[in-house]
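What follows is a set of notes on a single structure, which appears directly below.
Only the coordinates and a few stated rules stand behind these numbers; no lab work does. As the structure is a prediction and not an experimental result, all values here were calculated from the model. Reconstructed Cβ throughout: ideal geometry from the backbone, glycine too, with neighbour counts over all protein chains shown.
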Amino acid sequence: MKYLMKFGGTSVADARCIGLVVDILEKHHNAGDELAVVVSAQRGVTDQLIDIAEKLPTAQNCAAVPPLIAALRERHMKTLEGAAPDYVEEAGAVIEKRLASLQHILFAIYNLRELTPRSKDYVISYGERLLAPIVGAAIRQRGIPSTVLDGCEAGILTTPQHGEATALVESDARIKAKIGPLLKTEIPVVMGFMGCTEQGIVTTLGRSGSDYSASIIGAGIDADEIWIWTDVDGIMTSDPRVINDARVLKSVSYIEVMELSYFGAKVMHPRSIDPAMRKNILVRVKNTFNPSHPGTMIVR
Ligand code: ADP
Ligand code: ASP
Ligand code: MG
């Protein structure tokens, strides 16, 4: 079987969680499945980036930047040390370089007193840029080769609508050409939430956009199934944070999921079903912390 597996912010929140993620991947890899992976930022990081980027143009000073960079360094390096001890130097160097460039951009936003939609998209894509190298290293730690690609490198071409970009159909062939050949020998990891325009300008796909990335990449590689791994057993009758006796649904239709998310159910990105539906790919929502639960099937 060929799978696209996406892991959300809670599933990659720390080294222990990433350990569970690679357990799942290793099991399928050893069973002979082909796997591509999409990852989000660690829980809370995108919010931190949005918050600082929006404050800097009117801030009195840029004193908040170095502590944020230091906190991101500490969290990501601690995760890396726990998840991939043999790759601390290699992946750590990548993280260090990305933190330096993020710091430069944040200082520039402060100095220019301007945050354009384009620069905001670039800044908020850093959550995924910092995390994905750790997941790639954690996969290599288990002896499985893994290339890490950003959304643009993976082939996701989008409209120039910053903050809410839509994937263009041309993405399909590009993804197939870039990711397809890797599946035979390794588990490629793609940074969710982002793509780029035909000019190579970074765009983001909207909040929770890595669900949409999963569906775009899954459709591009013609996956047999797309699995969205999260922190609940599946799609439920209501938000379990609000309703105590919410139940997990065994199966729902593409249209029902679209309606749910358009009306605000915060379980999946509203446009994330589109590419999967176009190719009639079965989507499953499953719990990283309870992987034996069958989860919810999303079907035509
Ligand atoms: P991830 O980081 O994996 O993308 P999200 O926080 O974006 O996870 O989405 C999963 C969360 O969505 C669950 O923890 C749950 O609290 C919330 N949620 C809201 N509505 C629903 C629903 N109908 N079914 C399941 N979860 C829901
Ligand atoms: N990191 C992005 C967000 O917080 C995308 C995602 O988590 O799906 O919105
Ligand atoms: Mg989400």
Extension gain from Ser101 to Ala265, taking 0.36 nm per residue of separation minus the Cα-Cα distance = 55.5 nm
Pull out a ≥ b ≥ c, the square roots of the eigenvalues of the alpha-carbon gyration tensor of the stretch 251-300, then state rounded if a/c is under 1.5, prolate if not and a/b is larger than b/c, and oblate in the remaining case.
-> oblate
The simple spin-label model distance between Asn111 and His293, using points 7 Å out along Cα→Cβ, in nm, is 5.0
Fewest first, what order do Arg271, Arg43 take by the number of other Cβ atoms within 10 Å?
-> Arg43, Arg271
What is the distance in Å between the Cα centres of the stretch 51-79 and the stretch 114-176?
-> 21
Along the Cα-to-Cβ line of Asn61, 7 Å from the Cα, sits a label point; which residues in the stretch 89-112 have backbone N less than 13 Å from it?
-> none
The lysines whose Cα lies under 18 Å from the Cα of Lys97, excluding any fewer than 8 residues away in the same chain, are Lys78
Ranked list, fewest to most other Cβ atoms within 10 Å of each Cβ, for His28, His269, His162, His293 | His293, His28, His162, His269
Which order, highest average first, do 226-235, 170-179 follow once you tally other Cβ atoms within 10 Å for each residue and take the mean per peptide?
-> 226-235, 170-179
Least to most buried among Leu130, Leu183, by other C-beta atoms within 10 Å and fewest first, runs Leu183, Leu130
Net lengthening on full extension, Ala31/Ile69 (0.36 nm per residue, minus Cα-Cα) = 9.7 nm
Per-pair calculated FRET efficiency, R0 = 45 Å: Val242 and Thr185 via Cβ, rounded to 0.05 = 0.50
Using the Cα gyration tensor of the stretch 37-190, with a ≥ b ≥ c the square roots of its eigenvalues, what is the shape: rounded (a/c below 1.5), prolate (a/b larger than b/c) or oblate (neither)?
-> oblate
Kyte-Doolittle mean at least 0.5, axial Cα span of 18 Å or more - DSSP H helices of the chain = 88-112
What's the Kirkwood radius of the chain in Å, using all Cα pairs?
-> 19.3
Once the stretch 157-300 is represented by equal point scatterers at the alpha-carbon sites, with solvent omitted, what log10 I(q)/I(0) does the Debye formula produce at q = 0.12, 0.15 Å⁻¹?
-> -0.49, -0.76
Equivalent ellipsoid semi-axes, the stretch 23-111, via Cα gyration tensor eigenvalues times 5, rooted, Å | 33, 15, 11
Lys176: which lysines have alpha carbons under 28 Å from its alpha carbon, excluding same-chain residues fewer than 8 sequence positions away?
-> Lys2, Lys6, Lys27, Lys184, Lys279, Lys286
For Asp23 and Ala93 in the same chain, what is the full-extension length gain: residue separation times 0.36 nm, less their Cα-Cα distance, in nm?
-> 22.7 nm
All-pairs Cα distance distribution in the stretch 152-206, expressed in whole percent, bin size 10 Å | 27, 51, 20, 2
